[in-house]
Amino acid sequence: MSYDAIVLGGGIVGLATAYEMLQREPGRRVVVCEKESALATHQTGRNSGVLHSGIYYKPGSLKATNCRAGKALMEEFCREQAIPYDICGKVIVAVDKVELPRLEGIYQRGQANGVLCERIGRERLLELEPYCAGIEAIHVPEAGIVDYRQVSEKLGALIRERGGDIWLNAKVEKIVERESEIAVETTAGSLVGQFAINCCGLYCDRVARLTGAKPEATIVPFRGEYFELRPEAERLCRNLIYPVPDLNFPFLGVHFTRMIHGGVECGPNAVMAMAREGYGKLDVNFGDLWESLSYSGFRSLVWRHWQAGMQEFYRSCSKAAFVRSLQRLVPDIKANDISTAPAGIRAQAIAPNGDLVDDFLIQREGRMINVLNAPSPAATSSLQIAKTIVDSF
């Protein structure tokens, strides 16, 4: 099978890229290859569904610029396709004076990035979230919620309507780049194209290496574990409640998220997973585990931040510890107010020196474009990331 472009990975970034190509050139021959039997199975289908405003990200970074533009595109897409979304707003809460300088730093980033936000005191905070602790907060009224799996399903349908193909159960096994084309062998068959775009998320570094490329970073999987509020406790959170994060880390801390189809999620924590698809605490893939443990970048990260890692691990093992983290934001939460919810995996790129790659990382190698780091806010940003990718052809 011959195509103009082969998109590897059926998550929201891959689907948005295929959709963008077909929007620009309706007659283009495009195929999406997904190793699972359905689209959006991993990071896209297991996130909390937040439409991020772009307040956290370093001004001028790919995350900041793509998130702002991508959010506007995502809202427009949802309106056009009748996909429910809600611009419900969020609060980022400082619970003591020590956090105020970091809160101000986030506010300044928001201002620099053009985010509609304001510093508020406790009185206004309680109007927005009556059960929330905190001495000050940032109110971000333009943050929202959506179902990214539903968005992905619509993108898949539109790709097919516009003449594109989607191959399911098509795991990439071999890639060979030639002078005039790139050939891809999958478990569903072989195909050739003018370009290939690697949007494989948890496996993006491995797929990149199939072409002989040497990615700047290696993926280490981190499991995000969630709870959800029982129906009788949902009154404790109206919309989105976040703590003040440490901007040196790409994780935002345990928070509360109202879901577009009902319910409130609490979490996630962030612990190293023992498999790239290790959604359960006891899920182990010894090849994946050895790859993480033997990687010098991961060992350097652990050496520098072992205390934070131990805190995350303890919270993973102890529901009481998890509840205490939630109580910093909403003191009325009790252990019997929450029940276990499905976990997600974050494909976190780590540099050889142990730095967590904190920006989107997109590299071109010949006829292959590799998306090598696209964690949150990639779903919010996906339609704009797709434009960035297609512009690079």
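What is the range 90-141 by shape, rounded, prolate or oblate, if you read a ≥ b ≥ c off the alpha carbon gyration tensor as root eigenvalues and call it rounded for a/c under 1.5, prolate for a/b larger than b/c, and oblate otherwise? Oblate.
Taking a ≥ b ≥ c as the square roots of the eigenvalues of the alpha-carbon gyration tensor, the range 219-354 is classed prolate because a/c is 1.5 or more and a/b outweighs b/c. Among Val50, Thr65, Cys78, whose Cα sits farthest toward the positive end of the charge dipole of the range 34-97 (+1 at Cβ of Lys/Arg, -1 at Cβ of Asp/Glu, about the Cα centre)? Most positive-ward Cα: Thr65. Dividing the alpha-carbon radius of gyration of the chain by the rule-of-thumb value 2.2 N^0.38 Å gives 0.98. Taking the fewest neighbouring Cβ atoms within 10 Å as the starting point, the ordered list for Thr186, Thr380 is Thr186, Thr380.
Annotation: amide H of Gly11 within the under-5 Å range of Ala40, sequence separation 5 or more or interchain, hydrogens built in the peptide plane.
Cα-based radius of gyration for the range 1-68, normalised by 2.2 N^0.38 Å, reads 1.35.
In summary, the aspartates and glutamates within cross-link reach of Lys63, defined as a Cα separation below 14 angstrom excluding same-chain residues under 8 places away, comprise Asp358, Asp359. For the range 29-128, the alpha carbon convex hull comes to 168 Å³ per residue, rounded to a whole number. Calculated [222 nm] ellipticity per residue, helices only, for the chain: -10500 deg cm²/dmol; basis is -39500 (n - 2.57) per DSSP H run with n ≥ 4, divided by all residues, nearest 500. Among His139, His261, His42, the largest mean-square fluctuation in a Gaussian network model of the chain, built with springs joining Cα atoms closer than 10 Å, belongs to His261. Only the Cβ atoms of Lys and Arg (+1) and of Asp and Glu (-1) were treated as charged; on that basis the dipole of the range 188-332 about its Cα centre amounts to roughly 200 debye. Under 5 Å between amide hydrogens, built in the peptide plane, is the criterion, and for Val32 it picks out Val7, Asp165, Ile166, Trp167 among residues at least 5 positions away or on other chains.
Which pairs, out of Lys281/Lys319; Lys174/Lys214; Lys171/Lys387, put more than 19 Å between their alpha-carbon atoms? From Lys281/Lys319; Lys174/Lys214; Lys171/Lys387, over 19 Å: Lys171/Lys387.
Comparing Gln43, Gln363, Gln311 in a Gaussian network model of the chain, where Cα atoms under 10 Å apart are tied by springs, the biggest mean-square fluctuation is seen for Gln311.
Net charge dipole, the range 276-393: roughly 260 debye, given to the nearest 20, about the Cα centre with Cβ charges of +1 for Lys and Arg and -1 for Asp and Glu. Shape verdict for the range 274-329, please, from the Cα gyration tensor: rounded (a/c under 1.5), prolate (a/b greater than b/c) or oblate. Oblate shape, in that a/c is at least 1.5 and b/c is the bigger or equal ratio. In this Cβ point-charge picture (+1 for Lys and Arg, -1 for Asp and Glu), the chain has a dipole of about 380 debye about its Cα centre.
No lab work stands behind these numbers, since they all come straight from the coordinates. Quick caveat, the model's predicted, so the values are computed rather than measured. Methodologically, a virtual Cβ is constructed for each residue, glycine included, from the backbone with ideal geometry; neighbour enumeration extends over all protein chains shown.
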